[in-house]
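Below: one structure, written as structure tokens.
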Amino acid sequence: MKPLVWVFVEQEEGKVHPVSWELLGKAGELAQELDGVAEALVLGHQVESVAREAISYGADKVYLIDDPVLQYYRNEPYAQGVINLCKKYKPEILLLGATPVGRDLAGSIATSLETGLTADVTGLEIDPKSKNLIMTRPAFGGNIMASIICPNHRPQMSTVRPRTFPLPTKDPSRQAEIIREELGLREEEIRVKRVDFIPKDKVVNLEYAEVIVAGGRGLGKAQGFSLLKELAQLLGGEVGASRAAVDAGWIDYEYQVGQTGKTVRPKVYLALGISGAIQHRVGMQNADFIIAVNTDPKAPIFRIADLGLVGDLYQILPPLIEAIKKERGHGKA
Amino acid sequence: MNILVSIKQVPDTTNIRINPETGTLVREGVPSIVNPYDVHALALASLLKRLYGAHITVITMGPPQAEEALKEAVEFGADRVILLSDRKFAGADTLATSYTLAEAIKYLAQEAPFDLFLFGKQAIDGDTAQVGPGVARRLGVPLITYAVKLEIIDQEKKEVIVHRKTASGVEVLKVTLPVLITCDKEIADPPFSPLPELIKAAQTKPEIFNAQRPIPYKREKLGLKGSPTRVHRVYTPQLKSAGDILFVSEIGVSEAVEKIIAVLKDRGIL
Ligand SMILES: Cc1cc2nc3c(=O)[nH]c(=O)nc-3n(C[C@H](O)[C@H](O)[C@H](O)COP(=O)(O)OP(=O)(O)OC[C@H]3O[C@@H](n4cnc5c(N)ncnc54)[C@H](O)[C@@H]3O)c2cc1C
Ligand SMILES: Nc1ncnc2c1ncn2[C@@H]1O[C@H](COP(=O)(O)O)[C@@H](O)[C@H]1O
């Protein structure tokens with residue numbers, strides 16, 4: 001039998017987290033090297049459309065568990081579903097997004113299957129000799145990179161950061177089989193009940209922003225972020241922050257970029273008053289273009305900036321905002 | 001209520017330095033702390049004890065020096081502290097760690113079953129967030145990760161409400177104890193230690209469990225042997241090469257602004 005490279009497709013009310021498709025794209029590459037197949041697991045309620053979408057993103061087969069118990073994500077039934085599938089089909093590799101859902105789920109699955117799990121991976125490749133999966137992740141705050149293998153247990157499992165791999169192109173004409181499986185759990189057997197859900201006013205979508213205007217301790221005060229927000233809004237982007245700015249209480253944790261924050265991949269990343277510590281860099285160094293403004297010419301951010309400006313951010317920001325407003329004005333006229 | 005808290009002693013990673021020549025960690029002089037999320041787990045246990053009365057057991061797996069972390073736990077009102085320490089435990093990945101902790105918890109639960117298991121959402125040295133979910137599986141208790149609030153709604157029926165942070169909002173979950181919760185910072189703030197507990201903490205000698213006593217562990221499931229994952233290679237990340245560095249004092253503000261605008265246009269943003 002061909003080795004199976006599996007991706008858990010994470011969806012909320014039928015809306016799929018893009019990291020699942022990014023992983024499906026990568027799974028296709030890994031499968032090729034293993035002479036195997038890339039397959040998707042879709043769990044949820046009334047999610048057949050998600051299964052079809054998975055095929056258009058490259059799944060060679062989809063396993064679908066469609067059950068009212070899976071209406072919204074809960075650890076117990078979702079873990080049970082995936083564990084049963086793994087026991088039945090014995091995949092070689094199982095990949096999940098390093099999202100709150102993926103990380104909640106992966107630890108439970110790996111423990112039940114008594115296999116290894118590598119968290120928060122930023123690189124995947126197949127060892128040409130042993131055919132093992134090499135999973136690379138930053139360790140010790142990003143100071144070093146560690147490659148992890150799981151040679152004697154299957155599946156080889158990891159959670160992978162969003163934006164690590166590119167989104168594959170969608171091909172709606174692709175055809176593949178959908179295999180329906182039973183969950184075999186009744187609502188009465190599930191111990192955790194959701195009684196309410198308080199949605200966030202604004203979901204910060206940093207990982208997928210095209211422009212990020214990020215500020216660090218160099219802003220000096222919370223109000224600095226209002227300038228950054230204005231600029232980000234003008235550019236149709238998002239605000240980002242270093243941990244120092246978050247720790248100072250100037251901005252919420254969800255805006256944090258880096259090792260313990262988000263990994264981003266915008267077209268342009270503006271780093272304003274950010275020194276560029278390694279833990280920050282691991283989260284943003286894959287931006288297409290990095291602009292840094294910092295008063296200290298020795299700041300490590302300049303080692304990775306495509307355009308480095310040594311100077312005071314407060315000198316540059318207001319005229320920059322003015323200039324962009326003018327540009328926008330011309331654009332409309 | 002019978003509460004178990006699992007804490008880990010970690011190097012204060014803010015102070016970590018890498019030897020640029022060897023690419024290895026400089027451990028000398030790096031202070032150890034209780035993993036920050038575990039401090040909030042301890043704070044929650046302490047709060048519940050003050051509100052409802054509780055017996056708090058705290059365990060940690062680590063080298064002998066992890067005893068210090070347990071002393072800190074006593075300051076939070078821990079009634080019993082246990083150190084799982086043995087060379088055979090060393091080198092454990094999350095699978096072996098969850099086995100070692102879960103077996104100890106099962107052993108301790110023989111005396112009196114636990115109602116609540118509190119873990120940190122993740123340990124800052126590895127950031128894996130896998131040990132809590134692993135232990136929940138091994139104990140067969142329901143798991144709630146990323147918890148930011150816990151309320152006891154019915155003490156008799158042992159019903160609790162837990163708020164859990166997700167990517168799109170906060171889930172309000174109801175569950176009957178026992179449950180294993182991994183705690184985020186918002187769950188509770190550390191209290192000031194009253195003096196008697198500080199004195200008690202200083203005098204505390206934790207109970208030590210090793211690989212044979214009081215639990216005859218399965219050797220092959222411990223430490224490096226019991227860990228399916230292996231470190232294949234360790235290296236220092238490559239820096240991508242830098243572009244132009246210009247001094248605003250030399251080129252002037254308007255030129256600097258123009259440079260930025262040019263990039264934004266070139267990249268299709270403006
Ligand atoms: C385990 C671990 C995980 C971490 N995770 C993260 C993470 O996810 N994300 C993260 O960002 N950090 C993280 N850190 C922290 C990281 O090590 C740095 O401490 C942090 O990134 C520094 O933030 P900063 O650059 O804003 O502050 P600083 O390092 O203090 O830099 C401020 C910069 O602003 C410049 N500046 C000052 N005034 C001005 C001005 N007027 N105009 C222009 N420039 C000015 C200064 O020259 C300086 O370079 C982590 C650390 C550890 C140990
Ligand atoms: N060696 C250990 N001893 C006790 N508890 C631990 C240990 N390692 C991890 N934990 C617990 O598991 C949580 C998550 O750790 P981790 O999975 O390593 O990120 C921590 O916050 C602790 O509550």
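Helix A:18-34 and the long axis of chain A differ in direction by around 60°, with both axes built from C-alpha atoms. For each pair in A:Lys193/B:Lys218; A:Lys193/B:Lys71; A:Lys90/B:Lys218, compute the distance between the two Cα atoms and list the pairs where it is over 32 Å. Over 32 Å Cα-Cα: A:Lys193/B:Lys218; A:Lys193/B:Lys71.
All C-alpha pair distances within region A:60-136, sorted into 10 Å bins from zero, spread as 15, 46, 32, 6, 0 percent across the bins.
Computed from Cα atoms alone, the Kirkwood hydrodynamic radius reported for region B:105-263 is 21.3 Å. Put in line by how crowded their Cβ is, counting other Cβ atoms within 10 Å and starting with the fewest, A:Arg303, A:Arg154, A:Arg74 read A:Arg303, A:Arg154, A:Arg74. In chain B, the longest principal axis of the Cα atoms and the axis of helix B:94-109 are about 30 degrees apart.
For B:Lys174, the aspartates and glutamates whose Cα comes closer than 12 Å to its Cα, not counting residues fewer than 8 places off in the same chain, are A:Asp196, B:Glu151, B:Asp154, B:Glu159. Near the amide H of A:Ile126, within less than 5 Å, lie the amide hydrogens of A:Ile134, all on another chain or at least 5 residues away, with H placed in the peptide plane. Binning the alpha carbon pair distances of region A:98-168 at 10 angstrom intervals from zero yields the distribution 20, 49, 30, 1, expressed in whole percent. Listed by chain and number, the aspartates and glutamates placed with their C-alpha closer than 12 angstrom to that of B:Lys200 are B:Glu72, B:Glu75, B:Asp79; residues fewer than eight positions away on the same chain are left out. By the Stokes-Einstein formula, at 0.890 mPa s and 25 °C, region B:2-221 with its Kirkwood radius over alpha-carbon pairs has D equal to 137 µm²/s.
Ellipsoid semi-axes for region A:4-189, based on the Cα gyration tensor and the rule √(5λ), read 24, 19, 16 Å when sorted largest first. Working from the Cα coordinates of region B:191-270, the gyration tensor eigenvalues give, after taking √(5λ), semi-axes of 59, 29, 13 Å in decreasing order. Give me the distance between the Cα centres of region A:154-173 and region B:129-167, rounded to whole Å. One Cα centre to the other: 29 Å.
Modelled label positions at B:Glu255 and B:Asp12, each set 7 Å beyond Cα in the direction of Cβ, lie 4.5 nm from each other. A Gaussian network model of chain A, with springs between Cα atoms under 10 Å, assigns the largest mean-square fluctuation among A:Ala305, A:Ala323, A:Ala40 to A:Ala323. Using DSSP, restrict attention to beta bridges with both residues in region A:4-189 and report what percent are antiparallel, rounded to the nearest 5. If we restrict to bridges inside region A:4-189, about 30 percent are antiparallel. Oblate is the label for region B:129-188, because a/c, from the alpha-carbon gyration tensor with a ≥ b ≥ c as root eigenvalues, is 1.5 or above and a/b does not exceed b/c. Taking amide H as placed 1.01 Å from N in the peptide plane, the amide H of B:Ile33 sits under 5 Å from that of B:Val10, B:Asp12, each at least 5 places away or on another chain. Near B:Leu270, the amide H atoms lying under 5 Å from its own belong to B:Lys265; only residues 5 or more places off or on other chains count, and H is placed 1.01 Å from N.
Between A:Arg303 and A:Glu125, how high is the FRET efficiency from 1/(1 + (r/R0)^6) when r is the Cβ-Cβ distance and R₀ = 30 Å? Nearest 0.05. Computed FRET efficiency for A:Arg303 and A:Glu125 comes out at 0.70. Between their Cα atoms, which of B:Lys106/B:Lys221; A:Lys325/B:Lys265; A:Lys131/A:Lys170; A:Lys202/A:Lys229 are more than 19 Å away from each other? Over 19 Å Cα-Cα: A:Lys131/A:Lys170. Bridging of A:Lys87 to aspartates and glutamates at a Cα separation below 16 Å is possible for A:Glu39, A:Glu114, A:Glu181, A:Glu182, once same-chain residues fewer than 8 apart are set aside. Report, to the nearest 10°, how far helix A:224-234 tilts away from the longest principal axis of the Cα atoms in chain A, using its own Cα long axis and a range of 0 to 90°. So the helix axis and the longest Cα principal axis differ by about 70 degrees.
Over chain A, Cα pairs under 8 Å with separation of 6+ residues give a relative contact order of 14 percent.
Cβ crowding within 10 Å, taken as a proxy for footprinting-reagent exposure, orders A:Cys150, A:Cys86 from fewest neighbours to most as A:Cys86, A:Cys150.
In µm²/s, what is D for the protein assembly as shown at 37 °C and 0.692 mPa s, where D = kT/(6 pi eta Rh) by Stokes-Einstein and Rh is the Kirkwood radius from Cα pairs?
Working: Rh = 25.6 Å.
Reported coefficient: 128 µm²/s.
In sequence order, region B:227-235 has phi-based couplings of 9, x, 8, 10, 7, 8, 7, 10, 8 Hz under the Karplus curve 6.51 cos²θ - 1.76 cosθ + 1.60, θ = phi - 60°, and Gly or Pro positions carry x. Panel order for A:Trp250, A:Trp21, by other beta carbons found within 10 Å of each beta carbon, from fewest to most: A:Trp250, A:Trp21.
What is the diffusion coefficient of region A:215-320 in µm²/s, taking the Kirkwood radius over Cα pairs and the Stokes-Einstein relation at 20 °C with a viscosity of 1.002 mPa s? Value of D from the Cα-based Kirkwood radius: 161 µm²/s. Taken over chain A, the alpha-carbon convex hull comes to 163 cubic angstrom per residue.
Coordinate-derived values only; no laboratory data. Computed from a predicted model, the values in this text were never measured in an experiment. Here the Cβ is made from the backbone with ideal geometry for all residues, glycine too, and neighbour counts use every protein chain on show.
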